[in-house]
Structure formats: C-alpha cells, structure tokens
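These notes are about the structure you will find just below.
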Amino acid sequence: MKTRLLGGIVAFVLAIAGTVLLVSYVSASEARAQKDLQPVDVLVVQQQVAKGADLQKLKASVKLTSLPSASVPNGALKSLDGLDGKVAAVDLLPGEALLGARLADPESLSAPGSVPVPDGMQEISVQLEAQRVVGGRIAAGDTVGIVVLFDKGAVKDSPDVESGQQIFHKVLVTSVQRSMAKTSGAATGGATAEEQANTELPTGQLLVTFARNDADAAKIAFGANFGSLWLTKEPSAATEGSPLIVKKPELYR
C-alpha cells in the first residue's frame, strides 16, 4: 500500500516537472520566434535599378520597409545618408534589401583602360587608322577634336567640291582599343615602355570610343560612314578658332 502510494506521488511529481519543462521549452521557443519576427526598418528596392545608377536614381527606387529581423541580411542599409557620389555596383532587383556592399565609387566600375562616362552622355566608337588618331598617341581620358572630310555634297552652295571642317572640340575619349603588338617583351635600347609606345608604329587600326550626347553621336556616326574622320589631340587649354569650312579650291588662298 505504502509502495503504491509512494509510486503515485513520484509519478505525480514527475508529471508536474515534465509539464513545467514542456511549458518552459514552448515559452522559450515562442520568445525566440518573436525575437526573429521583430520588425527592422531597411531600404528595399521597389523597381529595377541598372548598374551604375547614381544616388538620385537609387533614392527614387527604394523604400524604407519593415522586415522580420531574421530575413534581413547583414549590411542592409536604413538610409542613404553620407553616401553621396556612390552608384549601384550591380543591377538591383525589386524586393531585395539594399546592401552597402552593392554601392561603389563610379571609378571602380570602369573597365581597365577606360574612364567613366559623364552623366547624361552615351558612348560611340569609330575604327580609325593610326595616322587619323595622332599616330595612335591617344589614350582614355584625353580630349580630342573631330575633323570630318567629305568628297562631295557636304556644302550646299558647292555640292561638287571636296570639303572638311572640325565639327567638335574637346571630346572626351573613354577608351582606346588597339591591335596587339607583333612583338612583346621589355622595351629595347634603354627606352621606357611609354617612350617605345610613342615612337613605334602602331599595328592595325584603333577603335576609339567617345562620350557624347545623342545628337552629336549621330553626327559622328554619319561622318564616319559617309565621309572620313581625323582626330586632333586637343587638351582643355587648346585655343578654339571660329568654325571654318575648308573647300578644296580655297585651300591655298
């Protein structure tokens, strides 16, 4: 009798202890779940943002949104304060939290051997022989003048006369691609690599890319297709004369 009573008491105590432990475990799990669900305000992309987009575009494309803390990745931004000058380092898709690691300085996005394209401009490339590109001594970051020559038809009052004109001044060159040299290795004769590049005859043609607005880009394309282009190396301090159309009959006047 006493044994059964004692066993009953022990079972009752164990049941209570088990219930307490179960309640404690459930309460702890709920607490952890509530903690994970605790909302955090972060910037979330609302519409697709292209790589290279500036801060103004980013501000217009993100919204401060409350998300469960468990779903917020490390480095998520709550504001864009103090990030002036940054751009999107990659394409950003709607629904993703904006991470600080996805913003970068514009210079870091430029391909090797190129310079960033100024805001509002686009790029256009032309393929030219070395003598039309100042002997190939043009590099990304230089500014050039663009001269266009036509056999006939460019001058309204003299349609049968060859003509030419410098149509643009101080055009930014964003990149220059050239054929690989036939021989490689260290510079010879004690010359530096830069000195050798300035004295050796370039191999093949060069692909020169300019930054220009849409209307000017169309003019460059037209001139390259129906006429011929020559470039001048025109630094910012170069003097610009009055626009002058050169006609063959007037060349020696």
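Observations on the structure shown:
- Alpha carbon centroid spacing (whole Å) that separates the stretch 153-178 from the stretch 219-253: 5 Å
- Ordered by the number of other Cβ atoms lying within 10 Å of each residue's own Cβ, fewest first, R212, R132 fall into the sequence R132, R212.
- Among the GluC sites (Glu not before Pro) within the stretch 94-153, those in coil by DSSP and having at most 16 neighbouring Cβ atoms inside 10 Å are E96, E129.
- You can think of it this way: the chain between S179 and Q131 has 15.8 nm of extra reach, that is 0.36 nm per residue less the Cα-Cα gap.
- Packing-based ranking, highest mean first, of 42-51, 139-148 given that Cβ atoms within 10 Å are counted: 139-148, 42-51
- A cut-off of 5 Å between modelled amide H atoms, ignoring neighbours fewer than 5 places along the same chain, links E96 with V45.
- Extension gain, S66 to A104, is 11.2 nm, computed as 0.36 nm per intervening residue step minus the present C-alpha separation.
- In this structure the amide hydrogen of A53, modeled in the peptide plane, comes within under 5 Å of the amide hydrogens of A88, none closer than 5 places in sequence on its chain.
- Net length gained if the chain between A221 and V155 were fully extended (0.36 nm per residue, minus Cα distance): 21.9 nm
- Across the stretch 159-167, rounded Karplus estimates of 3J(HN,Hα) from the backbone phi angles (6.51 cos²θ - 1.76 cosθ + 1.60, θ = phi - 60°) give x, 9, 10, 5, 8, x, 7, 7, 8 Hz, Gly and Pro being marked x.
- For the listed residue pairs K156/K233; K86/K170; K170/K219; K57/K170; K57/K219, the alpha carbons are over 21 angstrom apart in K156/K233; K86/K170; K57/K170; K57/K219.
Taken together, the values in this text are just the output of simple stated rules run on the coordinates, not laboratory data. All values derive from a computational prediction rather than experimental measurement. For neighbour counting, all protein chains shown are included, and Cβ atoms are generated from backbone atoms with ideal geometry for every residue, glycine included.
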